[in-house]
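One structure below.
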Amino acid sequence: MAELTETRRRVGRVPARRLLDGFLRRREASVLLVALGLMIYFRAASPVFLSRDNLVNIAQATAPVAIVAVGIVLLLVSGEIDLSVGIVAALAPFLFHFAIDFYGFPVFAGLLVALLISAGIGLFNGLVVTKLKVPSFVTTLGTFFAVQGILLITSHAYPVPIPEPAKGTFQTWLGAGPWAGITWAVVIVAVFHVVLTRTRWGLHTISVGGNPLGATEAGIRASRIKIGNFMVTSTLGGLVGIMEAFRINTIDPNIGGGTTLTFYAISAAVIGGTALAGGSGTIVGAFLGALVLAELQNGFNLIGYSANTIFLILGLAILVSMIANQYLSRLRRAGRT
């Protein structure tokens, strides 16, 4: 009887062990554990951390970084990077404003025009990188300053109000609502997670970044993949800019903070498990990376760290997260988890 009981106990442990091993082998596991650990720590340090109002703050800080990080993951996986997406986010709301207030476009048409021009900036980046063979770092750095110049010349560096026809339901639906941003982020992350992991486009993106020569010899049109990913990234940047303008109820040339949004999105992607060398990455991990960054900023503010030390702590936290992620990746490759 005792042997039968012991056998049943061992049989019961096997599925649990497999589930644990399966979870730890996932690239997103480490960053999910970091996010949960931070949540527990900051909740213990400040009861306000998990209050509804503060959760809204965390969600609104997570959403723009997570959405831009989706495009950044696609580019990093395909072996490229985009430094201009943050300034595209600042330009897009002004394009929306110009289309509606100066040219009389309807609201949806104005939104479409802003997103199409944003995609056009991505198209330009992609063409320069793939046809003229200029490194994406240099190309998008140049685009960043050029777009910033256009933004400051056309806006005169002054904020403008949201176009009157866009106010109300449309504004609430696309960013002003307390959960609007994070809802859009979850939908976009889910869609592009499927694109990266279940479609030919995702497979080709991974192939182009992991083995460019082999991908080309296999007949994959690497230029088309990279140009497409540049366009997706810029379009998502434009969408984030309009959503942020709706959320803060003004169109401000400082939306995105220059390079801040871009660097946060790159950090979220890398913390989430995307390799800077290309060939591998996870969009769900980038979403969790954005959540970790939002938790750190919000939590440190709540427990009273001064603004001068937040960036130091944030940088160290990013390094620790990346080191832990690399260590767990090596364990996964060695089959020890």
* To do: Subtract the Cα-Cα distance of R221 and A277 from 0.36 nm times their separation in residues, and report this length gain in nm to one decimal.
  => 18.2 nm
* Structure fact -> Across L236, L38, L316, the residue with the highest GNM fluctuation in the chain (Cα network, 10 Å cutoff) is L316
* Structure fact -> Of I117, I87, I67, the most mobile residue in a GNM of the chain (C-alpha springs, cutoff 10 Å) is I117
* If the chain between L55 and L127 were fully stretched, how many nm would it gain, using 0.36 nm times the residue separation less the Cα-Cα distance? -> 21.8 nm
* Structure fact -> In whole percent, the fraction of accessible protein surface over region 171-320 that belongs to carbon or sulfur atoms, probe radius 1.4 Å, stands at 65 percent
* To do: Could you order H97, H156 by accessible surface area, starting with the largest, using a probe radius of 1.4 Å?
  => H156, H97
* Asked: Per-residue accessible area for Y305 at 1.4 Å probe radius, Å² rounded to 10?
  -> 100 Å²
* Can you figure out the FRET efficiency of V134 with A44, using R₀ = 56 Å and their beta-carbon distance, to the nearest 0.05? => 0.65
* Which of the trypsin sites (Lys or Arg not before Pro) found in region 215-249 are in a DSSP loop and have at most 16 neighbouring Cβ atoms, other than their own, within 10 Å? -> R221
* To do: Take the chain, connect every pair of alpha-carbon atoms lying under 10 Å apart with a spring to form a Gaussian network, then pick out the residue of V68, V187, V31 with the largest mean-square fluctuation.
  => V187
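Give, in nm to one decimal, the length gained when the segment between T172 and F102 is fully stretched (0.36 nm per residue of separation minus the Cα-Cα distance).
Numbers: separation 70, 0.36 × 70 = 25.20 nm, distance 2.30 nm.
Taking T172 through F102 to full extension adds about 22.9 nm, to one decimal.
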* F137 - accessible surface, heavy atoms, 1.4 Å probe, Å² rounded to 10 -> 120 Å²
* Structure fact -> Note, L151: beta-carbon cut-off 15 Å, +1 each Lys/Arg, -1 each Asp/Glu, net -2
* **Cα centroid of region 249-271 to Cα centroid of region 149-187, whole Å** => 15 Å
* Structure fact -> Residue by residue through region 199-204, the couplings from Karplus 6.51 cos²θ - 1.76 cosθ + 1.60 with θ = phi - 60°, in Hz, x for Gly and Pro, are 10, 5, 4, x, 4, 5
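The values are calculated or read from the model by the stated rules, or taken from the named source; none is laboratory data. This is a predicted model, so every value here is computed, not measured. Positions of Cβ are backbone-derived with ideal geometry, glycine not excepted, and every protein chain shown enters the neighbour counts. SASA here: full protein model, heavy atoms, side chains in, ligands and nucleic acids out. Shrake-Rupley method; radii C 1.70, N 1.55, O 1.52, S 1.80 Å.
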